[in-house]
Every structure is written in structure tokens, then in C-alpha cells.
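Asks: Structure below; questions to follow.
Nothing in this text is a laboratory measurement; each read-out follows from the coordinates by a stated rule. None of the values given here were measured: they were computed from a predicted structure. Cβ atoms come from the backbone with ideal geometry, glycine included; neighbour counts cover every protein chain shown.
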Amino acid sequence: MRNKYLACLDDEQAMHHKCRDLSKEYLRCRMDRELMAKEDLDGLGYSEEQTVRSASVYDKSKERTGYVAGKHVSKANEWWFQKSWFGTGW
């Protein structure tokens with residue numbers, strides 16, 4: 001079961017919501033074999049309300065144009081804890 005789930009993740013480019021049924025079966029199998037505590041799967045995120053209806057893959061278009069997160073910041077900033085801790089001599 002585990003290998004089927006991992007193969008599904010590999011086939012679906014790690015989009016776990018597409019392997020949801022296998023994931024659910026895998027958890028049931030572990031519970032049946034007493035490898036984990038028995039729990040309600042709805043409480044673990046497998047309820048119908050928590051099903052992913054649509055998702056898209058991030059295309060990394062900003063990164064392809066040279067964008068680097070945080071590079072646009074021009075000066076060093078101090079966080080609130082740095083100001084209060086280091087600035088007052090605590």
C-alpha cells in the first residue's frame with residue numbers, strides 16, 4: 001500500500017490531493033494492523049468538506065525572470081525583539 005501511494009505521488013508530481021484515496025487506504029491499513037491509533041478519518045482531514053476541488057501548480061514565472069525573494073529589501077531591518085532586547089540592555 002505504501003509503495004502504491006509513493007508511486008502515485010511520483011506520477012502526480014507530488015500533488016498529494018490527487019492521491020487522496022490511496023492515502024486514506026494507507027492510513028486505514030496502518031490502523032487495521034495496529035501500527036497507529038484508530039481515529040476517525042474525517043478528523044484527520046478526509047471529510048468530504050476538506051476535499052481539494054481544484055488546485056494549480058505554481059509555475060515559478062517570477063523566478064524564471066530573475067526574481068529572488070528578499071532581494072528587493074535595500075536596508076537592514078531590525079525586528080521588534082531586536083530593538084527591545086539589544087537596544088535597552090536587558
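Asks: If eta is 0.890 mPa s and T is 25 °C, what Stokes-Einstein diffusion coefficient results for the stretch 1-43, Kirkwood Rh from Cα pairs, in µm²/s? Please report the intermediate quantities before stating the final value.
Replies: Working: Rh = 10.8 Å.
In µm²/s, the coefficient rounds to 227.
Asks: Continuing with the same structure: Roughly what would the spin-label model give for MET1 and VAL68, points 7 Å off Cα along C-beta, in nm?
Replies: 4.6 nm
Asks: To continue, here is another question. Could you tell me the calculated FRET efficiency between LYS60 and LEU35, based on Cβ-Cβ distance and R0 = 41 angstrom, to the nearest 0.05?
Replies: Values: r = 37 Å, r/R0 = 0.91.
Efficiency for this residue pair is about 0.65.
Asks: Could you name the aspartates and glutamates in cross-link range of LYS38, using Cα to Cα under 18 Å and dropping any fewer than eight places away on the same chain?
Replies: ASP21, GLU25
Asks: Straight-line reach from LYS24: which aspartates and glutamates have a Cα under 19 Å away, not including same-chain ones fewer than 8 places off?
Replies: Output for LYS24: ASP10, ASP11, GLU12, ASP32, GLU34, GLU39, ASP40, ASP42, GLU48, GLU49.
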